[in-house]
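Before any comments, here is the structure.
The values are calculated or read from the model by the stated rules, or taken from the named source; none is laboratory data. Just so we're clear, the structure is a prediction, and the values are computed from it rather than from any experiment. Because the Cβ atoms are built from the backbone with ideal geometry, glycine has one as well, and the counts that use them run over all protein chains shown. Note: accessible area is taken over every heavy atom of the protein model, side chains too, but ligands, DNA and RNA are not part of it. Shrake-Rupley method; radii C 1.70, N 1.55, O 1.52, S 1.80 Å.
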Amino acid sequence: MKRIKTSELIPGYVLAEDVYTFGGQLILPKGLVLNDRVITRLEFYSILSVRVEDEMNTSEIETEVNTSQETATISPEDISLSTTITQSKDYIEFKNNFDDTLEDFRSQINNVLESNSDINVDSLMGNTKALINQAKNSSFSTMDMLCNMRQYDDLTFAHCLNVSLICNVFAGWLKLSEEDTNILTLCGLLHDLGKLKIPDSIIKKPDKLTSDEYQIVKTHTVEGYKLLSAKNIDTRIVNAALMHHEKCDGSGYPFGLTAEKIDSFAKIVAIVDVYDAMTSARIYRGPLCPFRVIELYENEGLQKYDAYFIMTFLENVSNTYLHYQCRLSDGRLGKIIFINKNNLSKPIVKCGTDIVDLSKERDLHVDEIL
């Protein structure tokens, strides 16, 4: 028996213990063989690590390998939209500017930590807005750009920049004022800075975390609050750092707050934080299909997030994938042609001459956006 960080799990591990939420709700039973969907549930519930058996079940590993081999046989015409985006001048320029913005963000924040200087929000916002404006003036949206660049290894800075950009898009969906949009964008950019205050000896520890160490990891929200509250910065940004792991039903952390006590902007960041983390690459797989994340929100997250915010997000984010090519769970390739408003994770897909309504095909789902 050993403890493995959720971020390092691969299909085939067997749970050696029951897994519960922070509020004591059973999520997964002992003896369950982990697969992609099960690991996704652990990420969704912010479970940092689990105990697994020493021996693995190889059937799940073989399934993942076979899936990868299927993906490799996709022909160029089946991925035309993604190819059109990634080979465009607009995308190449956006990606280069994203890399430059990311490096500047990392440099500015490291300087703040080393010298205890103020955070230059005008500079941070200026660089981020330049990226946003570039996407607005291109042939593709910010979501199109981000959908095609999900392989970054930087689990803090790149994640924060992604969340910031998606928060900016979300603000448009919510029809927020320009001032509120700028604040929400900064909330996303700075929400996870507390992770930089957790010692590497704990974050990168290869062995089982002690109970005390596990609690320290969870304090990154409080560390972010302490870091930002000492600066001349909007209260909503500080609250987003503190509360972005709180859930409306009281099952979150660090305080188990319920809906009425959670800052509205923290509620928004919480949704985007989980979405970006789950649609980013992991060591055993590429980015998780957005429709699988949407399905998890629909099945298990509607009580945990603000109803207006989560439904606005899901309706709009699902529509960003209209006309994208996809692969269904039975291996068929197709194009998403219609979003079912009453079942957002189950769009209508055209596969050759066949029209497949996934809301009526309960055993099928969109497995991959191409």
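Any idea which of Tyr305, Tyr253 is of a type in the set (Ser, Thr, Tyr) and either surrounded by fewer than 21 Cβ atoms within 10 Å (Cβ to Cβ) or free of Cβ contacts under 8 Å to residues at least 40 places away in the same chain (or both)?
Values: Tyr305 fails: either surrounded by fewer than 21 Cβ atoms within 10 Å (Cβ to Cβ) or free of Cβ contacts under 8 Å to residues at least 40 places away in the same chain (or both).
Result of the check over Tyr305, Tyr253: Tyr253.
For (1) surrounded by fewer than 15 Cβ atoms within 10 Å (Cβ to Cβ); (2) over 21 Å from Leu228 (Cα atoms), each residue gets a yes or a no:
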position	(1), (2)
Asn120	yes, no
Asn137	yes, yes
Cys160	no, no
Leu176	no, yes
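Please determine whether any residue of region 55-70 is exposed (fewer than 14 other Cβ atoms within 10 Å of the Cβ), out of contact with any Gly (no Cβ under 8 Å at 6 or more places or on another chain), modelled with pLDDT under 90 and within 30 Å of Thr235 (Cβ to Cβ). No, there is no match, as no residue in region 55-70 is exposed (fewer than 14 other Cβ atoms within 10 Å of the Cβ), out of contact with any Gly (no Cβ under 8 Å at 6 or more places or on another chain), modelled with pLDDT under 90 and within 30 Å of Thr235 (Cβ to Cβ). Can you tell me which residue in region 86-99 is most open to solvent (accessible area, probe 1.4 Å), limited to those that are without any contact (Cβ under 8 Å) to a residue 12 or more places away in the chain and not β-branched (Val, Ile, Thr)? Applying the filter and picking the extreme gives Lys89. Taking the numbered list (1) open to solvent by less than 60 Å² (accessible area, probe 1.4 Å); (2) within 29 Å of Gln25 (Cβ to Cβ); (3) modelled with pLDDT of 95 or more in turn, Leu189 passes all entries but (2).
Checking each residue in region 326-346 for being touching a residue at least 40 places away in the same chain (Cβ under 8 Å) and over 21 Å from the mean Cα position of the chain (by Cα) picks out Gly331, Leu333.
Identification of helices (runs of 4 or more DSSP H) wholly contained in region 262-334 with 2 or more residues that are among the hydroxyl-bearing types (Ser, Thr, Tyr) yields 264-278, 307-319.
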